[in-house]
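Some notes on the structure that comes next.
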Amino acid sequence: METELMLRHSITVGISGGSGAVYAVRLLEILPRYYRRVNIVMSNAARQVLAQEVDVVAPAAGAWGLPNATPEEAERVLIWNNQNYNAPFASGSNCPDQMVIVPCSMSTVASIAHGIDQNLMHHAAAVMLKEKKQLILVPRETPLSAIHLRNMLTLAELGVTLVPAMPGFYSGQSTFDDLINFVLQKVLNQLNIDLKLSRKWGEGGG
Ligand SMILES: Cc1cc2nc3c(=O)[nH]c(=O)nc-3n(C[C@H](O)[C@H](O)[C@H](O)COP(=O)(O)O)c2cc1C
């Protein structure tokens with residue numbers, strides 16, 4: 001656990017309506033240990049999926065005390081209304097160094113790839129692109145159409161990191177948690193967070 005002084009400034013987490021709401025919830029249990037502020041923006045579809053897949057109802061805006069958070073960590077996690085363009089991270093003058101959208105629907109992939117600002121999440125991502133900051137997407141859809149692939153290529157060419165929600169089975173993964181952790185480990189690696197959730201290839205044990 002890092003001390004207050006060592007915490008990073010902030011990160012933006014977008015949650016869109018792709019399947020895999022559990023990835024967002026688990027990631028949000030980890031990030032407040034590393035960032036002073038975790039700004040969350042989520043779509044209406046994400047709210048539906050959160051309720052349907054993990055039985056989680058998030059507040060419309062304000063602090064989000066996730067079940068496994070300490071009181072200090074809970075205070076660091078703030079939800080912003082998806083139409084509130086006054087959010088600090090929506091400005092190039094105050095955007096964070098890192099933003100993750102997890103899970104990332106194909107609709108949100110398309111909006112970001114084409115610069116169509118339909119909500120705060122898209123706008124925040126567009127700001128990360130124009131400021132050349134780190135944007136990580138965790139897309140999920142299968143099978144993928146040529147439109148999906150083209151949009152993801154456009155984003156990859158702009159420097160966006162795509163971490164598809166595609167768990168591997170090569171390091172002894174056998175439980176649901178192992179598969180979630182596999183994907184989250186890839187996201188944490190990109191964020192340069194030194195936390196081990198999943199065994200590396202060649203570390204032994206299977
Ligand atoms: C339970 C559920 C699961 C869904 N899973 C996916 C998915 O894996 N990938 C995807 O692109 N869309 C998925 N959708 C559809 C999106 O939610 C829908 O396209 C929505 O318009 C996305 O809007 P957003 O990008 O603003 O969140 C799912 C919807 C529901 C209700």
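The values are calculated or read from the model by the stated rules, or taken from the named source; none is laboratory data. Because the structure is a prediction, the values reported are computed rather than measured. With ideal geometry, Cβ positions are generated from the backbone for all residues, glycine too; neighbour counts draw on all protein chains shown.
Within the group ARG33, ARG76, ARG37, ARG47, which residue is within 12 Å of the ligand (Cβ to nearest atom) and either buried (at least 16 other Cβ atoms within 10 Å of the Cβ) or among the small types (Gly, Ala, Ser) (or both)?
Working: ARG33 fails: within 12 Å of the ligand (Cβ to nearest atom); ARG76 fails: within 12 Å of the ligand (Cβ to nearest atom); ARG37 fails: within 12 Å of the ligand (Cβ to nearest atom).
Answer to the selection: ARG47.
Within the range 1-29, residues that are at positive phi sit with their Cβ atoms under 9 Å from residues that are within 11 Å of the ligand (Cβ to nearest atom) and modelled with pLDDT of 95 or more, at 6+ positions apart or across chains, in these pairs: GLY20/VAL49; GLY20/GLU53; GLY20/PRO103; GLY20/VAL138; GLY20/ARG140; GLY20/ALA165.
Close contacts from the range 166-194, counting a first residue that is within 26 Å of LYS133 (Cα to Cα) and a second that is part of a loop (DSSP other than H, G, I, E, B) and among the aromatic types (Phe, Trp, Tyr), with Cβ to Cβ under 6 Å and a gap of 6+ residues or different chains, come to ILE193/TYR34. Just a yes or no: is a residue in the range 55-72 modelled with pLDDT of 95 or more and under 28 Å from LYS132 (Cα atoms)? The answer is no, given that none of the residues of the range 55-72 is modelled with pLDDT of 95 or more and under 28 Å from LYS132 (Cα atoms). Contact map, the range 99-125: residues that are more than 19 Å from LEU153 (Cα to Cα) and touching a residue at least 40 places away in the same chain (Cβ under 8 Å) paired with residues that are within 12 Å of the ligand (Cβ to nearest atom) and in a strand (DSSP E or B), Cβ distance under 6 Å, separation 6+ or inter-chain. Pairs shown: LEU120/VAL41; MET121/GLY14; MET121/VAL41.
Counting residues in the range 55-67 that are within 13 Å of the ligand (Cβ to nearest atom), of a type outside the set (A, V, I, L, M) and touching a residue at least 12 places away in the same chain (Cβ under 8 Å) gives zero. Is the range 32-43 home to any residue that is modelled with pLDDT of 95 or more, touching a Pro at 6+ places or on another chain (Cβ under 8 Å) and not polar (S, T, N, Q)? Yes: the range 32-43 contains one or more residues that are modelled with pLDDT of 95 or more, touching a Pro at 6+ places or on another chain (Cβ under 8 Å) and not polar (S, T, N, Q).
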